[in-house]
Each structure stands twice: as C-alpha cells, then as structure tokens.
1. Is it the case, given these coordinates, that Met124 is over 14 Å from the mean Cα position of the chain (by Cα) and buried (at least 16 other Cβ atoms within 10 Å of the Cβ)?
2. Within region 1-32, how many residues turn out to be out of contact with any strand residue (DSSP E or B) (no Cβ under 8 Å at 6 or more places or on another chain), in contact (Cβ under 8 Å) with a residue 12 or more places away in the chain and not aliphatic (A, V, I, L, M)?
3. Within region 74-94, which residues are surrounded by fewer than 16 Cβ atoms within 10 Å (Cβ to Cβ) and of a type in the set (D, E, K, R)?
4. Identify all residues within region 8-32 that are open to solvent by 20 Å² or more (accessible area, probe 1.4 Å) and not aliphatic (A, V, I, L, M); write none if there are none.
5. For region 128-140, state whether one or more residues are within 20 Å of Asp28 (Cα to Cα) and among the hydrophobic types (A, V, I, L, M, F, W, C).
6. Within region 95-114, track down each residue that is open to solvent by 20 Å² or more (accessible area, probe 1.4 Å) and out of contact with any strand residue (DSSP E or B) (no Cβ under 6 Å at 6 or more places or on another chain).
Amino acid sequence: LCLATLLERRAAGAPLPAAAILICPWVDPLCDGGSMIRNEPYDFGDRELLVGWIRSHATDTQIGLPALSPIAADLRGLPPLLIQAGGAEILLDQITSFAESARASGVDVKYTVYPEMFHDFPTMASLIPQGREACEEMIAFLEARLVPAPRAAVGSG
C-alpha cells in the first residue's frame, strides 16, 4: 500500500513524503522459486497462500500493474526508503531485488535484513528483540530525514 500510494502521488504530480518505510514488502505477487521455497519451513505463509490472496482480489491484468507489482515499476523520483526484511521470510529474494532496483533507479535506499527473522517480525517488537531493534531503526531513519515541527513560544504569565 505504501508503494502504491507513492507511485500514484508521483504520477499525479502530488508532493511526496520526505521518506517512507517498507516493512517486509510484498512487491512481486506471483514470484516463485528461491526464498519462496527455501524459507517456506521458517515463515508462516507459502506461495500458494499468497497467490490465492492476490487472485481472489485482482485480475491478471491488475496484478501486472505497478500498484500491485511494484517490482516492475519505474521507481525514479521516490523519496528515501528504509526497507526491512527477515532473513528467513519467503519474500526475501523479491525484497532484495526491489531494493537493488530502487537503488539502480537513483532512490536513496537503506536496506536491512534481520537474520533468522520471519515475515513482518517488527510487528512483534514487544515480544522479540529483533522487532524492537527494527522499530528503533525506523525511528532513527525518520528522525534523520524529517524536520521537527517548530515549538510554540511559551509565554510567561
């Protein structure tokens, strides 16, 4: 959803955010092979489940559009991206390819793979140290790129 929004705003000539964070993004809905097979025993989903989801919500033509398959999108002009992935997730190969493609398109990319982590592990920050570490990385990434809002003057009274 984040990538679809960025691509749509860019296409419309609308302002883009200063930065964006992609947590374990699913960027190639029909991807097969590689980590999709290799990491299946360690993740909580599989290719059959993912393909079933996308086919229940979109036609083949829609699946090929950049909004649903950002791996094939023109990524030039996107804001800086923090991309996180789990080293044991089935989407690892496509996320790595996407990060490389974004860099090749001139996008400022910080890509971090957390070894032995599964899909969407940062959502479990209260349970696992790697999730907390990923959230801390997100905070640092945003703090380095966002301008703090001016503080209102406090009058004496």
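1. no
2. Counting residues in region 1-32 that are out of contact with any strand residue (DSSP E or B) (no Cβ under 8 Å at 6 or more places or on another chain), in contact (Cβ under 8 Å) with a residue 12 or more places away in the chain and not aliphatic (A, V, I, L, M) gives 8.
3. Residues satisfying the conditions are Asp74, Arg76.
4. Within region 8-32, Glu8, Arg9, Arg10, Gly13, Pro15, Pro17, Trp26, Asp28, Cys31, Asp32 qualify.
5. Scanning region 128-140, I find no residue that is within 20 Å of Asp28 (Cα to Cα) and among the hydrophobic types (A, V, I, L, M, F, W, C), so the answer is no.
6. Thr96, Ser97, Glu100, Ser101, Ala104, Ser105, Gly106, Asp108
To keep it simple, each residue is scored yes or no on (1) open to solvent by less than 60 Å² (accessible area, probe 1.4 Å); (2) under 12 Å from the mean Cα position of the chain (by Cα).
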{"position": "Leu1", "(1), (2)": "no, yes"}
{"position": "Leu6", "(1), (2)": "yes, yes"}
{"position": "Asn39", "(1), (2)": "yes, no"}
{"position": "Gly52", "(1), (2)": "yes, no"}
{"position": "Gly64", "(1), (2)": "yes, no"}
{"position": "Ala72", "(1), (2)": "no, no"}
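The values are calculated or read from the model by the stated rules, or taken from the named source; none is laboratory data. Keep in mind that this is a model prediction, so the values were computed, not measured. No Cβ is skipped: glycine too gets one built from the backbone with ideal geometry, and neighbour counts run over all protein chains shown. Remember, those area values only see protein heavy atoms, side chains included, never the ligands or the DNA or RNA. Shrake-Rupley method; radii C 1.70, N 1.55, O 1.52, S 1.80 Å.
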